[in-house]
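Written below as structure tokens is the structure these notes are about.
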Amino acid sequence: MAANASGWLDDAFARVDAQDLPRSAAMALKDSAQAYYDLPDISTSDKAFAAYVLANVYAERSIDDRASALQWAQRAVTLAPSSRAYQALVSSLSGGRP
């Protein structure tokens, strides 16, 4: 499963980024991204991207859990501190505060 993480996460992010997801679709993406994040043999970069996908899913209008979104975005930054996209999401979710 870890070998397929990058492709699945790319597809999942594209789905989250492209549209307002129905709650059922957002929850399915959340559960799958969480499963990838929890894999013991996933690379650090894929784990960070899974956290970023989770943050975006939690921020989706159909779920709208900003606190969880911020926690997941912060995890992504912890795992990949040089990612400007992850940093920007933390800033956005925290009202512009770093």
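Key figures for this structure:
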read-out: Residue count, the stretch 49-61 (criterion: of a type in the set (A, V, I, L, M) and either within 17 Å of residue 39 (Cβ to Cβ) or touching a Cys at 6+ places or on another chain (Cβ under 9 Å) (or both)); value: 4
read-out: The stretch 1-13 residues that are in a helix (DSSP H, G or I) and surrounded by 15 or more Cβ atoms within 10 Å (Cβ to Cβ), paired with ones that are at pLDDT 75 or above and among the charged types (D, E, K, R) (beta carbon under 9 Å, 6 or more apart); value: 5/46; 5/47; 6/46; 9/46
read-out: Filter result (without any contact (Cβ under 8 Å) to a residue 40 or more places away in the chain and outside any helix (DSSP H, G or I)) within the stretch 14-65; value: 19, 39, 40, 41, 64, 65
read-out: Those residues of the stretch 7-29 which are closer than 19 Å to residue 85 by Cβ and touching a helix residue (DSSP H, G or I) at 6+ places or on another chain (Cβ under 6 Å), in sequence order; value: 9, 12, 13, 16, 29
read-out: Selection status of residue 78, surrounded by fewer than 16 Cβ atoms within 10 Å (Cβ to Cβ) and touching a Leu at 6+ places or on another chain (Cβ under 9 Å); value: no
read-out: Single residue of the stretch 79-90 satisfying the filter (in contact (Cβ under 8 Å) with a residue 24 or more places away in the chain and part of a helix (DSSP H, G or I)) that is nearest to residue 57 (Cα to Cα); value: 89
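Per-residue answers, yes or no, for (1) within 20 Å of residue 34 (Cα to Cα); (2) of a type in the set (Gly, Ala, Ser); (3) modelled with pLDDT of 95 or more:
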position	(1), (2), (3)
63	yes, no, no
67	yes, yes, yes
75	yes, no, yes
95	no, yes, no
98	no, no, no
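The values are calculated or read from the model by the stated rules, or taken from the named source; none is laboratory data. Note that the structure is a prediction, hence the values are computed from the model and not measured. Glycine also receives a Cβ, built like all others from the backbone with ideal geometry; neighbour counts cover every protein chain displayed.
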